[in-house]
Amino acid sequence: MAHATCLVDGVCEVTLETSDRPALEEFYTLALGLRVLSRESDRTWLACGSRARLGLWAPGEKEFGDEGGRHVHFALSVPPGSLDSACRHLGDYGIEFHGPVEHPGGDRSRYCEDPAGNVLELWDFFHRGEGIDGDNALASSGG
């Protein structure tokens with residue numbers, strides 16, 4: 001099968017469902033430094049880097065019939081050389097990590113759970129620029 005031309009330029013947003021938005025917002029703003037973009041009656045939007053946002057949604061149906069939901073996991077990129085210090089910083093909040101996991105090309109990631117039980121991966125993949133070419137290295141690396 002021939003590779004199609006990529007039609008996307010990254011992830012715009014991820015939404016997580018939570019029954020305790022204030023606690024989850026506090027975790028992501030204090031522990032990871034995400035900035036609040038807006039708060040609405042049923043959701044909070046956080047800036048997640050320069051080109052994406054993280055939604056923290058109260059349970060219940062939203063527009064277009066969708067809902068926040070429990071995801072298998074999601075990954076946030078960290079700057080090169082900062083993975084260990086980011087994990088130490090989150091350790092100050094009582095967060096425990098698994099890993100590091102070594103990916104093809106020398107990339108590393110570590111996994112933890114946020115206070116709502118969502119599995120969060122911190123990964124230096126996108127900043128390194130390695131592993132992008134080849135035989136679908138992103139899919140084969142488990143990310």
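Taking strands (runs of 3 or more DSSP E) as the structural unit, those lying wholly within region 1-51 and holding at least 3 residues that are modelled with pLDDT of 85 or more and under 13 Å from the mean Cα position of the chain (by Cα) correspond to 13-17.
Scanning region 87-120 for residues that are farther than 21 Å from Pro22 by Cβ, in contact (Cβ under 8 Å) with a residue 40 or more places away in the chain and crowded, with 19+ Cβ neighbours inside 10 Å returns a single hit, His103.
If I filter region 5-49 down to residues being under 17 Å from Ser77 (Cβ atoms) and touching a helix residue (DSSP H, G or I) at 6+ places or on another chain (Cβ under 6 Å), which single residue comes out as surrounded by the most Cβ atoms within 10 Å (Cβ to Cβ)?
Here is the first cut: in region 5-49, the ones under 17 Å from Ser77 (Cβ atoms) are 8-14, 28, 31-35, 46-49.
If we keep only those that are touching a helix residue (DSSP H, G or I) at 6+ places or on another chain (Cβ under 6 Å) too, we end up with 31, 34, 46.
On the way: Ala31: 18, Leu34: 19, Leu46: 22.
Ranking the candidates gives Leu46 first.
Could you please find all residues in region 11-43 being of a type in the set (S, T, N, Q) and either closer than 16 Å to Glu113 by Cβ or touching a Pro at 6+ places or on another chain (Cβ under 7 Å) (or both)? Once the filter is applied, which keeps residues that are of a type in the set (S, T, N, Q) and either closer than 16 Å to Glu113 by Cβ or touching a Pro at 6+ places or on another chain (Cβ under 7 Å) (or both), region 11-43 yields Thr18, Ser19.
The values are calculated or read from the model by the stated rules, or taken from the named source; none is laboratory data. Since the model is a prediction, treat every value here as computed from it, not as a measurement. Note: ideal-geometry Cβ built from the backbone for every residue, glycine included; neighbour counts use all protein chains shown.
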